[in-house]
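A.B. asks: First the structure, which I've put down as structure tokens, then a few questions once you've had a look.
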Amino acid sequence: MAVCARLCGVGQSRRCRRRQRHNQPGQGSDSDMDEEEGERIVGQRQGDVGPGSGVATAGPSDACEYGSGHVNRGGSLNRTSTGPPHPQSVAELPPELLVEIFSLLPGTALPSVALVCRKFRQILNTETIWRRRCIREFGMMEDLRKIEVVGVSSRELYVKLLHPYRHILGLWQPDIGPYGGLLNVVVDGLFIIGWMYLPPHDPRVEDPMRRRPLFRIHMWETKKATVECMYGHKGPHKGDIQTVKKDEFSTKCNQTDHHRMPGGRQEEFRTWLEEEWGRTLEEIFHEHMQELILMKFIYTSQYDNCLTYRRIYLPPTMPSDLLQPGLFKGTYGSHGLEIVMLSFHGTSARATKLTGDPNVPAGQLTLDVDLSRPVVLPDLEHQRKIEELSRVVLGIHEEVKREVEQQAKGTSATVNGAAEGACGGASGVEGAEVDHGACSDSCQPGPSSSTNPPEAQPFVLPLGVMARNEVYPRTCRKCFYGTGLIAGHGFTSPERTPGLFVLFDEDRFGFIWLELKSFSLYSRLTDHLAHAHAPNMERFEAMLHNMQSWTS
């Protein structure tokens, strides 16, 4: 009744009538939609309208009665009219205006609108309404004209494809052991496609990302949504998608023989190596790198595109952020290029791995930068000396350790946990990882302080520091103390070691690993990623916590 009254502009006293679906068993769904699809869209309940609900049973006209000549308002007034000069309710509006109004409603509300009366139900058959919903909710544009070729209406496209699979749109991380990955599910033309994002070939970190389709969903051949596996080299074949639980789904290939090559595993490995690294095994002279590459092929190829995916979000943007947070490609020595997510948490900047390796797996916090501890670089001559940089960074590192020890002593000596004046930011230490940016009294000025070094200062890597990519910026904006996570094979003995975070510009930053004498250059991933931003910081923080637990 509330829906009917809201749309028709009349209440129960004006005798707005609505068909009772349970009294018309032969009619099926009043919205002219497939019952199963209608319920999938709005979860409508059969018993919402019935005896005792206060809605009168519709007469033969099956229409809302409005302006019918006389209106009984509480039984106290009767009057006769030849018709109002202006529409007195929504139902009296011209059909073309109702089309415009209904086009503004979300698609999930339209089946309920169709239940109001026959006029509304007939107007909702207009393609314009559903075409606009496809455009506004899913970004489809000129592609909608192509569906006429295969005889699929915009309404069918919305009801049977776009809406049922809306929950898998966005960014996902596949469960591939330590390697992880980045999947972006988008509406692409008349398809929903799951694109696996691959970093550029090592060490070209500033090249664009590569994309490989893993699955697609469409309505080309039948008027039902069809899932196809795109893995392998024999074209699309039968697949399946299952929703495991909220923010998680799985894919399954039903014809894994399409993944095999005539030349067997050797041909598959050569093809994979060319796609993954852009070279042959003979061109990779480093023996350790060859072992790592072969290990990754053996591990990842066993899944045959039967994978579980967990939703990930892009970090929210705050006005105080040092730069725009987001996704970056970075160099990781023999492991090649990997994808990290840069986010800001108060006075801390953190880079979390979306792809990983056997040493430090995906989901782990690879960089933790203390934005309250800026580093002023010496002149170029002294920058070339690794000893000079080590002296500065290790001095800050020892200072941080002393502060952590003092806080630990102060915490243990506190009676009932009520000590006053204590700086409580580093009380949550996990292993060797410390959040250095939460102190409010003893910390140095933050990145916006006047003590920060000027922008566009000269920068050069110290002699003896290895860099996969020798082409790096020769000026930087700011530098900060930070720690990087290193570990043995199998993520054994993880340890946070000191280093220098170097901000070059809005799209590039670097990190010097002092203990490894290595330099990682990171470049922003500039692809447009729809349906990917976290609704709030709390949801994003919870996702980061879960990511670490997935691969710990």
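The values are calculated or read from the model by the stated rules, or taken from the named source; none is laboratory data. Model, not experiment: these values are computed from the prediction. A quick note on method: Cβ atoms are made from the backbone with ideal geometry, for glycine too, and the neighbour counts reach across all protein chains shown. Note: accessible area is taken over every heavy atom of the protein model, side chains too, but ligands, DNA and RNA are not part of it. Shrake-Rupley method; radii C 1.70, N 1.55, O 1.52, S 1.80 Å.
A.B. asks: Failed condition for PRO453, given (1) surrounded by 12 or more Cβ atoms within 10 Å (Cβ to Cβ); (2) at pLDDT below 50; (3) more than 20 Å from LEU322 (Cα to Cα), with all others met?
C.D. replies: Condition not satisfied by PRO453: (3).
A.B. asks: Can you tell me which residue within region 350-376, out of those that are under 22 Å from PHE459 (Cα atoms) and not in a strand (DSSP E or B), is least open to solvent (accessible area, probe 1.4 Å)?
C.D. replies: Across region 350-376, the extreme among qualifying residues is VAL375.
A.B. asks: Residue check, HIS335 against (1) more than 30 Å from PRO178 (Cα to Cα); (2) open to solvent by 30 Å² or more (accessible area, probe 1.4 Å); (3) not hydroxyl-bearing (Ser, Thr, Tyr), all met but one. Which one?
C.D. replies: In the conditions (1) more than 30 Å from PRO178 (Cα to Cα); (2) open to solvent by 30 Å² or more (accessible area, probe 1.4 Å); (3) not hydroxyl-bearing (Ser, Thr, Tyr), HIS335 misses (1) alone.
A.B. asks: Suppose we keep only residues that are farther than 26 Å from GLY395 by Cβ and in a strand (DSSP E or B) within region 460-493. Which one would you say is most open to solvent (accessible area, probe 1.4 Å)?
C.D. replies: Top of the filtered list is THR492.
A.B. asks: Still on this structure, I have one more. Please state which of the following conditions THR347 fails to meet, knowing it meets all the rest: (1) open to solvent by 40 Å² or more (accessible area, probe 1.4 Å); (2) of a type in the set (Val, Ile, Thr); (3) more than 17 Å from PRO325 (Cβ to Cβ).
C.D. replies: For THR347, the failing item is (3).
A.B. asks: Can you run down the residue pairs with Cβ atoms below 7 Å, 6 or more apart or on separate chains, where the first is in region 230-258 and without any contact (Cβ under 8 Å) to a residue 40 or more places away in the chain and the partner is assigned to a loop (DSSP other than H, G, I, E, B) and open to solvent by less than 50 Å² (accessible area, probe 1.4 Å)?
C.D. replies: Within 7 Å, the pairs are HIS233/MET261; PRO236/MET230; HIS258/GLY232.
A.B. asks: While we're on this one: Looking only at residues in region 241-265 that are open to solvent by 60 Å² or more (accessible area, probe 1.4 Å) and part of a strand (DSSP E or B), which one is farthest from ALA542 (Cα to Cα)?
C.D. replies: So the residue we want is LYS252.
A.B. asks: Can you tell me which residues in region 305-326 are hydrophobic (A, V, I, L, M, F, W, C) and over 11 Å from the mean Cα position of the chain (by Cα)?
C.D. replies: CYS306, LEU307, MET318, LEU322, LEU323
A.B. asks: Being touching a helix residue (DSSP H, G or I) at 6+ places or on another chain (Cβ under 8 Å), open to solvent by 10 Å² or more (accessible area, probe 1.4 Å) and in a strand (DSSP E or B) is the filter here; which residues of region 494-519 pass it?
C.D. replies: Listed by number, the residues that qualify are PRO498, SER518.
A.B. asks: Which of the residues that make up region 215-225 are open to solvent by less than 20 Å² (accessible area, probe 1.4 Å) and touching a Lys or Arg at 6+ places or on another chain (Cβ under 7 Å)?
C.D. replies: Matches in region 215-225: MET219 only.
A.B. asks: Moving on. Which one of the conditions (1) open to solvent by 10 Å² or more (accessible area, probe 1.4 Å); (2) in contact (Cβ under 8 Å) with a residue 40 or more places away in the chain does TYR522 fail to meet, given that it meets all the rest?
C.D. replies: (1)
A.B. asks: Checking the condition crowded, with 17+ Cβ neighbours inside 10 Å and either part of a helix (DSSP H, G or I) or among the aromatic types (Phe, Trp, Tyr) (or both), which residue from GLU282, GLU274, GLU228, GLU268 passes?
C.D. replies: Going through GLU282, GLU274, GLU228, GLU268 in turn, just one is crowded, with 17+ Cβ neighbours inside 10 Å and either part of a helix (DSSP H, G or I) or among the aromatic types (Phe, Trp, Tyr) (or both): GLU268.
A.B. asks: Looking only at region 530-552, count how many residues are under 18 Å from GLY170 (Cα atoms), at pLDDT below 85 and open to solvent by 80 Å² or more (accessible area, probe 1.4 Å).
C.D. replies: Of the residues in region 530-552, 1 are under 18 Å from GLY170 (Cα atoms), at pLDDT below 85 and open to solvent by 80 Å² or more (accessible area, probe 1.4 Å).
A.B. asks: Could you go through region 420-433 and let me know if any residue there is crowded, with 16+ Cβ neighbours inside 10 Å, more than 21 Å from HIS397 (Cα to Cα) and either at pLDDT 90 or above or within 32 Å of the chain's Cα centre (by Cα) (or both).
C.D. replies: no
One line per residue, one yes/no per condition, for (1) of a type outside the set (A, V, I, L, M); (2) closer than 24 Å to ASN254 by Cα; (3) touching an Asp or Glu at 6+ places or on another chain (Cβ under 8 Å); (4) buried (at least 20 other Cβ atoms within 10 Å of the Cβ):
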site	(1), (2), (3), (4)
LEU157	no, no, no, yes
GLN173	yes, yes, no, yes
GLY181	yes, yes, no, yes
ASP188	yes, yes, no, no
PHE191	yes, yes, no, no
GLY194	yes, yes, no, yes
PRO208	yes, no, yes, no
PRO213	yes, yes, no, no
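A.B. asks: Considering region 187-237 alone, what residues qualify as being hydrophobic (A, V, I, L, M, F, W, C) and touching a His at 6+ places or on another chain (Cβ under 8 Å)?
C.D. replies: Of everything in region 187-237, those that are hydrophobic (A, V, I, L, M, F, W, C) and touching a His at 6+ places or on another chain (Cβ under 8 Å) turn out to be LEU190, PHE191, ILE192, ALA225, CYS229.
A.B. asks: Another question, if that's okay. In region 167-200, which residue that is assigned to a loop (DSSP other than H, G, I, E, B) and among the aliphatic types (A, V, I, L, M) is modelled with the lowest pLDDT?
C.D. replies: LEU190
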